[in-house]
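What follows is one structure encoded as structure tokens, with my remarks underneath.
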Amino acid sequence: MTVLRLPAAPADRAVDAWHDVVRAAHTHDLPATVPPPGRAESAGKLRHPGPRTRAVHLAAVAADGSYDGVATLVLFDEDANRHTAFLDVLAVHPRARNRGTGAALWQAARAQLADDGRTSVSTVVERGGRGETFARGLGFENVLPLGWYVQNVPDALAARQAEPVLPDGYAYAHWTGVVPDRLADAFAEAHDAMRDAPTGDMDQAPRAWDAARVRAAAQVVGDRGGVILSSAVLHRADGAETVAAYTELVLRDPSDTRALQYDTVVVPVHRGRGLGAAVKHHMMGVVAAACPGVREIGTTVAEDNGPMLAVNERLGYRRERTAGYFQATLEE
């Protein structure tokens with residue numbers, strides 16, 4: 001077995017080998033109700049890094065050229081987070097387990113982190129399984145417990161009542177893809193409200209958002225072959241228009257039956273008006289019209305984020321499984 005670093009734009013054969021690992025590991029490790037990743041998602045993540053990051057893709061190559069395991073490191077390029085990184089993937093094919101494949105991938109990733117001067121790394125791990133045992137054995141600790149929650153879209157639509165009436169001065173809006181130019185700056189300001197979201201003991205500074213970044217974040221979803229939907233509540237006062245609340249849904253592949261809920265944010269000055277529930281209620285109508293094949297919406301919520309847990313419960317989300325942000329401090 002040899003651990004290699006993939007080129008920035010791997011060939012289709014390498015994408016196929018990579019996807020075979022992540023799909024097999026997903027099917028083996030997660031409940032059958034959790035849809036596996038599609039090839040389009042694997043190809044997109046390998047070929048299109050996120051904004052203001054660099055990605056390092058590693059593969060443990062078997063003698064026959066297939067991949068026994070894969071790993072992806074996301075290296076942040078912002079000054080505030082140049083000391084840390086995110087281990088987005090570390091997966092071993094079930095046929096290659098208990099042979100040191102995961103350890104070899106981690107050693108290669110660890111060497112890359114050292115070369116890049118990173119002093120910490122985080123990852124998301126399913127709690128209570130072999131993944132957590134493996135991570136803890138490498139020195140990772142759970143710094144932010146999470147829960148996975150799933151909403152059944154047909155059931156939610158059947159139970160859906162009339163769209164909440166917004167207070168005076170507020171109005172609904174939605175779009176697909178990149179934010180309209182007239183809202184880009186206001187949308188970036190609303191993203192910055194995520195700074196007060198629960199982060200536990202994570203050694204990572206909140207991302208700084210501007211119009212260029214919100215455009216790039218949406219564009220990379222499209223470049224990877226996916227779809228991003230945004231629902232917002234706008235506030236108009238004194239001739240100015242701001243984004244008071246928003247939520248985002250992503251289909252990693254247009255054929256996905258489970259969409260992923262990204263951020264849901266209510267700007268602090270607009271809280272206490274029911275806008276979080278209202279903007280997610282509005283999104284149900286948006287996704288039903290734009291992507292009628294979506295049957296479920298999945299999202300993660302920090303265990304101590306009481307307000308969002310309450311909103312999701314009212315909208316029919318059920319708890320599916322547990323996870324957590326795990327973090328390791330690296331010796332210099």
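Any read-out appearing in this document is the output of simple, stated calculations on the displayed coordinates, not a laboratory observation. Keep in mind it's a predicted model, so treat the numbers as computed, not measured. Virtual Cβ from ideal backbone geometry, glycine too; neighbours counted across all protein chains shown.
Please state, to two decimals, what the Cα-based radius of gyration of region 218-332 comes to when divided by 2.2 N^0.38 Å (N = residues). Can you show the working numbers first?
Details: Rg = 16.2 Å, N = 115, 2.2 N^0.38 = 13.4 Å.
With N residues counted in region 218-332, Rg over 2.2 N^0.38 Å equals 1.21.
Based on Cβ point charges of +1 for Lys and Arg and -1 for Asp and Glu, what charge dipole magnitude is obtained for region 2-118 about its Cα centre, in debye rounded to the nearest 20?
On the way: 14 positive and 13 negative charges, 23 e Å.
With Lys and Arg at +1 and Asp and Glu at -1, about 120 debye.
From the backbone phi of region 260-265, what are the Karplus-calculated ³J(HN,Hα) couplings (6.51 cos²θ - 1.76 cosθ + 1.60, θ = phi - 60°) in whole Hz, Gly and Pro given as x?
So the Karplus estimates, Gly and Pro as x, are 9, 7, 8, 5, 10, 9 Hz.
Could you work out the relative contact order of region 45-174, using alpha carbon pairs under 8 angstrom and six or more residues apart, expressed as a whole percent?
Computed value for region 45-174: 17 percent relative contact order.
Kindly give the semi-axes, whole Å and largest first, of the ellipsoid equivalent to the chain, taking each as the square root of 5 times a Cα gyration tensor eigenvalue. Before the final figure, lay out each step's value.
Working: eigenvalues 245, 92, 74 Å².
So the three semi-axes of the chain are 35, 21, 19 Å.
I'd like to know which of THR329, GLN261, ALA63 lies farthest towards the positive end of the charge dipole of the chain, counting +1 on Cβ of Lys and Arg and -1 on Cβ of Asp and Glu.
ALA63
What is the magnitude of the charge dipole of region 122-240 about its Cα centre, with +1 placed on the Cβ of each Lys and Arg, -1 on the Cβ of each Asp and Glu, and no other charges, expressed in debye to the nearest 20?
On the way: 11 positive and 16 negative charges, 74 e Å.
Roughly 360 debye, rounded to the nearest 20.
If the only charges are +1 at each Lys and Arg Cβ and -1 at each Asp and Glu Cβ, what is the size of the charge dipole of the chain around the Cα centre, to the nearest 20 debye?
Details: 35 positive and 41 negative charges, 156 e Å.
So the magnitude is around 760 debye.
Using the Kirkwood radius over Cα pairs, work out the Stokes-Einstein diffusion coefficient for region 2-118 at 20 °C and 1.002 mPa s, in µm²/s as a whole number. Numbers along the way, then the final one.
Details: Rh = 14.6 Å.
Translational diffusion coefficient: 146 µm²/s.
Dipole of the chain (Lys/Arg Cβ +1, Asp/Glu Cβ -1, origin at the Cα centre): which of VAL125, ALA114, GLY272 lies farthest to the positive side?
It is VAL125.
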